[in-house]
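Input: a single structure, listed below in structure tokens.
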């Protein structure tokens with residue numbers, strides 16, 4: 001691997017910062033820092049490392065109406081009416097075929113009504 005100085009810092013050193021921890025393939029770079037025409041040995045301890053805590057996925061808690069967490073229920077009759085239910089897994093209001101009777105309260109005449117009733121129930 002060829003080492004070329006750029007603004008007084010070797011390209012190799014810049015790559016070393018980006019690829020910590022060092023591996024055997026980077027040994028030429030990890031052991032040499034080019035400054036002008038002279039070289040100085042560099043060890044891993046010379047490279048400042050600031051550990052960053054792992055990012056934690058956001059946990060959402062649902063505090064809206066309980067019926068928004070029930071699955072879509074077609075009902076018991078034989079008519080096909082397009083209605084909307086709130087899918088608590090995808091957090092979206094989705095269409096389903098309602099039979100015209102029975103079912104549960106997770107049954108809205110429009111997507112807008114579904115969102116208004118259920119979507120705002122999630123808190124961080």
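The values are calculated or read from the model by the stated rules, or taken from the named source; none is laboratory data. Quick caveat: nothing in here was measured; it's all calculated off a predicted structure. We place every Cβ from the backbone using ideal geometry, glycine too, and count neighbours over all the protein chains shown.
A few notes on this one:
- Some residue of the range 83-100 being surrounded by fewer than 11 Cβ atoms within 10 Å (Cβ to Cβ), modelled with pLDDT under 90 and in a helix (DSSP H, G or I): no
- Scanning the range 72-82 for residues that are in contact with a strand residue (DSSP E or B) (Cβ under 7 Å, 6 or more places away or on another chain) and surrounded by 13 or more Cβ atoms within 10 Å (Cβ to Cβ) gives 72, 74, 75, 81.
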